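In what follows, a structure is listed as structure tokens, so that the remarks can point back to it.
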Amino acid sequence: MKEIEIKTKVKACQLNELSADEQELIAIAKQQTNNSYCPYSKFHVGAAAKLDNGVIIRGANQENAAYPSGLCAERSALFAAGANYPEVPVNTLVIACYTDGHFTEDPGAPCGACRQVMIETEHRYGKPMKVILYGEKEIFVFEKASDLMPVGFFSEDLKG
Ligand code: THU
């Protein structure tokens, strides 16, 4: 038996350590929490995806009385990006979470399904997609989505 240690990289930053573009994208993701439809969880998630052509796609979680029919903020943004600009890589994705009257102290952690969609988006365009997770205390910056999901499942894996 061989033990493999998998390491991943993340930068823990403060807002003023990020570029003006990144700060703007964070402001948009935070604003997007207002568009969250979350009567069940009351957990508002906003997303902003900047494409390589400069277009910013906005997302927010959308819940449903039939719970699994809802969709997370990140996926709403990434799927809208794919549906409207299929040829354009996603450069940076930001998410921010708001609940109990404030943005979360810790960086919002994307669910597994969203991570899977992130790595496919990155893989599809063959270039890194930066992922920024906003938190009031600190902000996590992943230089590429695959850093959030080591040992991911990709199209090649379907070939056996
Ligand atoms: N949610 C997201 O929008 N993104 C995630 O990655 C984690 C969870 C949403 C789904 C649901 O509407 C609410 O947060 C509580 O799980």
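Are there any pairs with C-beta distances below 7 angstrom linking a residue in segment 91-103 that is touching a residue at least 24 places away in the same chain (Cβ under 8 Å) to a residue that is part of a strand (DSSP E or B) and surrounded by fewer than 21 Cβ atoms within 10 Å (Cβ to Cβ), with the two at least 6 apart or on different chains, and if so which?
Between residues of segment 91-103 that are touching a residue at least 24 places away in the same chain (Cβ under 8 Å) and residues that are part of a strand (DSSP E or B) and surrounded by fewer than 21 Cβ atoms within 10 Å (Cβ to Cβ), the close pairs are Asn91/Leu51; Asn91/Lys130; Thr92/Lys130; Ala96/Phe103; Cys97/Phe103.
Tell me whether segment 146-157 contains one or more residues that are modelled with pLDDT of 95 or more and in a strand (DSSP E or B).
No: zero hits.
Please indicate, with yes or no, whether at least one residue in segment 128-136 is open to solvent by 10 Å² or more (accessible area, probe 1.4 Å) and over 15 Å from Val10 (Cα atoms). Walk me through it before giving the result.
So in segment 128-136, the residues open to solvent by 10 Å² or more (accessible area, probe 1.4 Å) come out as 128, 130, 134, 136.
Next cut, over 15 Å from Val10 (Cα atoms) only: 136.
Yes, segment 128-136 contains at least one residue that is open to solvent by 10 Å² or more (accessible area, probe 1.4 Å) and over 15 Å from Val10 (Cα atoms).
For Pro110, only one of the following conditions fails: (1) open to solvent by less than 70 Å² (accessible area, probe 1.4 Å); (2) touching a His at 6+ places or on another chain (Cβ under 9 Å); (3) outside any helix (DSSP H, G or I). What is its number?
Checking Pro110 against (1) open to solvent by less than 70 Å² (accessible area, probe 1.4 Å); (2) touching a His at 6+ places or on another chain (Cβ under 9 Å); (3) outside any helix (DSSP H, G or I), the one that fails is (2).
Keeping to segment 56-70, report how many residues are within 11 Å of the ligand (Cβ to nearest atom) and open to solvent by less than 60 Å² (accessible area, probe 1.4 Å).
Counting residues in segment 56-70 that are within 11 Å of the ligand (Cβ to nearest atom) and open to solvent by less than 60 Å² (accessible area, probe 1.4 Å) gives 5.
Looking only at segment 1-38, count how many residues are among the hydroxyl-bearing types (Ser, Thr, Tyr) and more than 21 Å from Glu143 (Cβ to Cβ). Step through it out loud before you land on a result.
Initial filter on segment 1-38 (among the hydroxyl-bearing types (Ser, Thr, Tyr)): 8, 19, 33, 36-37.
Now restrict to residues that are more than 21 Å from Glu143 (Cβ to Cβ): 33, 36-37.
So the count comes out to 3.
Among (1) more than 11 Å from the ligand (Cβ to nearest atom); (2) under 23 Å from Tyr37 (Cβ atoms); (3) open to solvent by 20 Å² or more (accessible area, probe 1.4 Å), there is one condition Tyr98 misses while meeting the rest; what is its number?
That leaves (1) as the condition not met.
Pairs only if they're at least six apart or on different chains, beta carbon under 7 angstrom, first in segment 58-70 and farther than 19 Å from Val90 by Cα and at pLDDT 95 or above, second acidic (Asp, Glu) and open to solvent by less than 80 Å² (accessible area, probe 1.4 Å); list them, first residue then second.
Gly70/Glu63
The values are calculated or read from the model by the stated rules, or taken from the named source; none is laboratory data. Note that the coordinates shown come from a computational prediction; the quantities given were computed from them, not determined experimentally. We place every Cβ from the backbone using ideal geometry, glycine too, and count neighbours over all the protein chains shown. Accessible surface areas use protein heavy atoms only, side chains included; no ligands, DNA or RNA. Shrake-Rupley method; radii C 1.70, N 1.55, O 1.52, S 1.80 Å.
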